[in-house]
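The values are calculated or read from the model by the stated rules, or taken from the named source; none is laboratory data. All of these numbers come straight from a predicted model, not from anything done at the bench. Heads up, the Cβs are rebuilt from the backbone with ideal geometry, glycines too, and the neighbour counts pull from every protein chain shown. Surface accessibility is based on the protein's heavy atoms, side chains included, excluding ligands, DNA and RNA. Shrake-Rupley method; radii C 1.70, N 1.55, O 1.52, S 1.80 Å.
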Amino acid sequence: MDFLSLFLIDFVKQLQSPTLGFLIGGMVIAALGSELVIPEAICTIIVFMLLTKIGLNGGIAIRNSNLTEMILPAAFAIVTGILVVFIARYTLAKLPKVKTVDAIATGGLFGAVSGSTMAAALTLLEEQKIPYEAWSGALYPFMDIPALVTAIVIANIYINKKKHKEAAYSIGQQSFSEQRVAAGDYPDQKDYPSSRQEYLSQQKGDADNRVKIWPIIEESLRGPALSAMLLGLALGLFTQPESVYKNFYDPAFRGLLSILMLVMGMEAWSRIGELRKVAQWYVVYSVVAPFLHGLIAFGLGMIAHYATGFSMGGVVILAIIASSSSDISGPPTLRAGIPSANPSAYIGASTAVGTPVAIGLCIPFFIGLAQAIGG
């Protein structure tokens, strides 16, 4: 009973955080028809500064710490990112009126990481004075890239298998007379190449249909979110950016984050209409999935906590990045990698429901859970 009461008290306290207040405020004014518009260029600069700050902090921390401490949390981040995609493949994809390719793309977006959600979580941890490893933000790419790669690979494998089945069915529907090449020939003779050139052409076609993983990784690394964070990480590792970090990036962090939360709240409300174009099961998934994914990561984080001393704050960060869904780099990567998937399904589910749930509910939920367990 004490555990439950402590958790509920902490949960309510965190809902009153200014970070979450700006998110809710953005949704409210959008619902009331406000014409407030924050220019896209300003949002781009804000995202760059926030993720660069997180990268700088992580790089400085890694430079001053033991890299072996990161191995287990990083491995768990990779496992979680991959697992989230398979969960969507075998749950969401099985629901009525949900297309398999759209479900896989949605799983990829929910397995990838939202830098803004992670920034909000770091801010709330600092407000609650909960210690965490400064390099925890560097777990971002360990979950983000495997999730996107897995989603694109699985989707393309599924699409290729579907094409082959459809082709086989089409051939089976042809009459026996149409399949014969000449009198006395076997019906399936035309399935075999008649020359070396035809054989090589078939082999080239099969090779072209194979999914190439490295271009997907390159596309993810070139995305604006990961690029900014990895830049900060490299600068923190190989230079001495402490002065610019303390005098510029750190003081501006909370103010910039509040503006971004306001924008995200407004965008979330505007995206709700997109979910009407697809199966309503996406709404159910978008509410349940952040908690499910976060609980899986929280459990793995607790294993790292007991095995290596990974802090409870670090466990919360691992759970939050698993709860989040990519809102910057993920959508363009999936558009390029799975062009047949419906963006209204995976982007609408993520932005309209998934992100507000992750920031507004999952962050206070997992902070409260960590405080109730770890005191």
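Compare L8, L275 by solvent-accessible area with a 1.4 Å probe and give them largest first, with all protein chains kept in place.
Details: L8 90, L275 10 Å².
Sorted descending by solvent-accessible area, the residues read L8, L275.
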Problem - Relative contact order (%) - criterion: Cα under 8 Å, at least six apart; region: the range 230-360 - result: 33
Completion exercise
Taking the square root of 5λ for each eigenvalue of the C-alpha gyration tensor of the range 202-347, the equivalent ellipsoid has semi-axes, largest first and in whole angstrom, of 30, 24, 21
Fill in the blank from the handout: Measuring from its Cα centre, the range 15-170 shows a charge dipole (+1 at each Lys and Arg Cβ, -1 at each Asp and Glu Cβ) which, in debye to the nearest 20, is 800
Practice task
Determine how large the accessible area of Y158 is when every protein chain is in place; take a 1.4 Å probe and give Å² rounded to the nearest 10.
Solution key: 60
Exercise for the section: Sort E126, E274 by accessible area with a 1.4 Å probe, largest first. Expected result: E126, E274
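Taking 8 Å as the Cα distance limit and 6 or more residues as the minimum spacing, I'd like the relative contact order of the range 31-143 as a percentage.
Once divided by the residue count of the range 31-143, the mean separation gives 39 percent.
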Fill in the blank from the handout: Hydrodynamic calc, the range 32-113: Kirkwood Rh from Cα pairs, then Stokes-Einstein at 10 °C with viscosity 1.306 mPa s, so D in µm² s⁻¹ is 97
Problem - Cα-derived Rg over Rh, computed across the range 83-128 with Rh taken as Kirkwood radius - result: 1.23
Handout entry: Most to least packed among 50-63, 19-32 [average Cβ atoms within 10 Å]
Key = 50-63, 19-32
Handout entry: Pairwise label distance in nanometres, K212 with I157, each label 7 Å out on the Cα-Cβ vector
Key = 2.0
Handout entry: All Cα pairs of the range 279-375, percent lying beyond 19 Å
Key = 47
Completion exercise
Of the candidates A121, T100, F110, the farthest towards the positive dipole end of the range 91-133 (Lys/Arg Cβ +1, Asp/Glu Cβ -1, centred on the Cα centre) is T100
Problem - Accessible heavy-atom area order of I42, I359, I145, I328, highest first, probe of 1.4 Å - result: I42, I328, I145, I359
